[in-house]
């Protein structure tokens, strides 16, 4: 066999040796790439096979654990702790020691837990504790890669494990932002508005996405009574102020009108813009005087927002202020001011001095009913 | 007489549908499970149910299409109770416009579901 191969290869090798150097390099590279490609093809085939086997196993185990869970719940329904129930707990406890199986068990429990409430949900939470799944999640809170810690917090939150709160609070100052965020979400999910106490001492960032997630968690809680948020509106952390403003808007908290008016002169422009937007949403009339007196000190972005505010609340007493803005160099301000003026005082609108700068806006608004 | 107790349950979460099936069977109902709207329509046409339970979001044929088919094509007046997840308020309104009788937001209590089903069947 070897002789046959050598005989077959000999002329090829001889031919190769007589080739110019550059062609030799090309041939070697081609051969190398072909070998690498073949190895990769076999490796991909192997990976596909492994994934398929893993998927099948996952599916099979999921169906077994779902059956176990249902059997457990049926027995629980009958208000009896049967031998079968004890066997299920024992089996799940044993399987939960394997991380692969543990993940499938948790997924199976969550698949049902997220769809039901009341006694069935309570029974699933109890099963989570009885099968030691809780203990493993608690252990994962310590000395693990950050993503395992974040995942464990999320799991404990979904199963509403209140007793781990002291451990979760310690993670509020974790070095990784994602872990901090999960810890914050846990506290809000379990304690509602009380869970937001971490904002009192928050010195790190609270991104827009985190704020949305926190609002989403708050949306789910039963008690929708907003606590006193003055200290957050006065916070030195701009992100906390921004979040407090979102709360003020979402919960239509008119009682913070004075605080909002004070925030009009906040040092951060994005905060000032957000404050004007909240004031507009709540239609706080008391801020009119402040806006008028400080109008020239505001940037154009803020002036546009102020004009949107007047679009909502302007009355006859604002005609002069609005009139002055009809010739503003900013198109948005000019347009809104002209529109408001026409609505408030038609005759004054018609007396507007027409310049090259505002003729188009003037004619357009005049043509509209 | 048997037809009075037939219930079609269209729900793509297999664990939830098995749980509800068990609870309803315990109450004396005969339950037919469908994992999507397409299967639900076939079961409805075959079994003449007294009540239909359907999730709004399902693969292939949605709960809304099931309601529309039952009310407009099959011209059935049986009660239809829809399940919806949070944030699907618009879908729920559409379901009512199409002829749904009642709805329950997820997560829901299986005990409450049984009470509602009994009430719906008693009224009808």
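The values are calculated or read from the model by the stated rules, or taken from the named source; none is laboratory data. Quick caveat, the model's predicted, so the values are computed rather than measured. Virtual Cβ from ideal backbone geometry, glycine too; neighbours counted across all protein chains shown.
Mind listing whichever residues of segment A:291-335 are in a loop (DSSP other than H, G, I, E, B) and over 25 Å from residue A:353 (Cβ atoms)? Result: A:299, single match.
For residue A:166, the criteria (1) assigned to a helix (DSSP H, G or I); (2) in contact with a helix residue (DSSP H, G or I) (Cβ under 9 Å, 6 or more places away or on another chain) hold in every case but one, which is (2). Take the conditions modelled with pLDDT under 90 and more than 30 Å from the chain's Cα centre (by Cα) and apply them to residue A:94. Does it pass? For residue A:94, the condition - modelled with pLDDT under 90 and more than 30 Å from the chain's Cα centre (by Cα) - is not met. Selection of segment A:343-352 for residues being surrounded by 19 or more Cβ atoms within 10 Å (Cβ to Cβ) and not in a loop (DSSP other than H, G, I, E, B) yields only A:349. Within segment A:74-124, if we keep just the residues that are within 14 Å of another protein chain (Cβ to nearest Cβ) and surrounded by fewer than 17 Cβ atoms within 10 Å (Cβ to Cβ), the residue that is farthest from residue B:22 (Cα to Cα) turns out to be A:107.
Restricting attention to segment B:105-115, the residues that are assigned to a helix (DSSP H, G or I) and surrounded by fewer than 18 Cβ atoms within 10 Å (Cβ to Cβ) add up to 4. Being in a helix (DSSP H, G or I), away from every other protein chain (no Cβ under 14 Å) and surrounded by 11 or more Cβ atoms within 10 Å (Cβ to Cβ) holds for only one residue in A:28, A:53, A:64, and it is A:28.
A single member of A:246, A:288 is at pLDDT below 95, under 30 Å from residue A:325 (Cβ atoms) and assigned to a helix (DSSP H, G or I), and it is A:288. In summary, residue A:355 fulfils each of the numbered conditions (1) more than 17 Å from residue A:295 (Cβ to Cβ); (2) surrounded by 12 or more Cβ atoms within 10 Å (Cβ to Cβ); (3) touching a residue at least 12 places away in the same chain (Cβ under 8 Å) with the single exception of condition (2). In the set (1) modelled with pLDDT of 95 or more; (2) within 12 Å of chain A (Cβ to nearest Cβ), the condition left unmet by residue B:111 is number (1). Taking helices (runs of 4 or more DSSP H) as the structural unit, those lying wholly within segment A:170-241 and holding at least 2 residues that are modelled with pLDDT of 95 or more and within 17 Å of residue A:253 (Cβ to Cβ) correspond to A:208-220, A:230-233.
Residue-wise test of (1) within 14 Å of chain A (Cβ to nearest Cβ); (2) closer than 19 Å to residue B:122 by Cβ; (3) free of Cβ contacts under 8 Å to residues at least 60 places away in the same chain; (4) in a helix (DSSP H, G or I).
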| residue | (1), (2), (3), (4) |
| --- | --- |
| B:21 | yes, no, yes, yes |
| B:39 | no, no, yes, yes |
| B:43 | no, no, yes, yes |
| B:57 | yes, no, yes, no |
| B:71 | no, no, yes, yes |
| B:77 | no, yes, yes, no |
| B:90 | no, no, yes, yes |
| B:103 | no, yes, yes, no |
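So, in segment B:92-101, of the ones that are outside any loop (DSSP other than H, G, I, E, B) and either at positive phi or in contact with a strand residue (DSSP E or B) (Cβ under 7 Å, 6 or more places away or on another chain) (or both), which residue ends up surrounded by the fewest Cβ atoms within 10 Å (Cβ to Cβ)? Can you show your working first?
As a first pass, look at segment B:92-101 and keep what is outside any loop (DSSP other than H, G, I, E, B): B:92-98.
Among the residues that remain, those that are also either at positive phi or in contact with a strand residue (DSSP E or B) (Cβ under 7 Å, 6 or more places away or on another chain) (or both) are: B:92, B:95.
Values: B:92: 18, B:95: 27.
For segment B:92-101, the residue satisfying everything is B:92.
Scanning segment A:125-148 for residues being surrounded by 15 or more Cβ atoms within 10 Å (Cβ to Cβ) and not in a helix (DSSP H, G or I) gives a total of 3.
With respect to the stated conditions, residue A:84 fails to be under 25 Å from residue A:139 (Cα atoms) and free of Cβ contacts under 8 Å to residues at least 40 places away in the same chain.
Here residue B:28 clears all of (1) under 21 Å from residue A:73 (Cα atoms); (2) within 14 Å of chain A (Cβ to nearest Cβ) except the condition numbered (2).
The set of residues in segment A:316-332 that are within 40 Å of the chain's Cα centre (by Cα) and surrounded by fewer than 20 Cβ atoms within 10 Å (Cβ to Cβ) comprises A:329, A:330, A:331, A:332.
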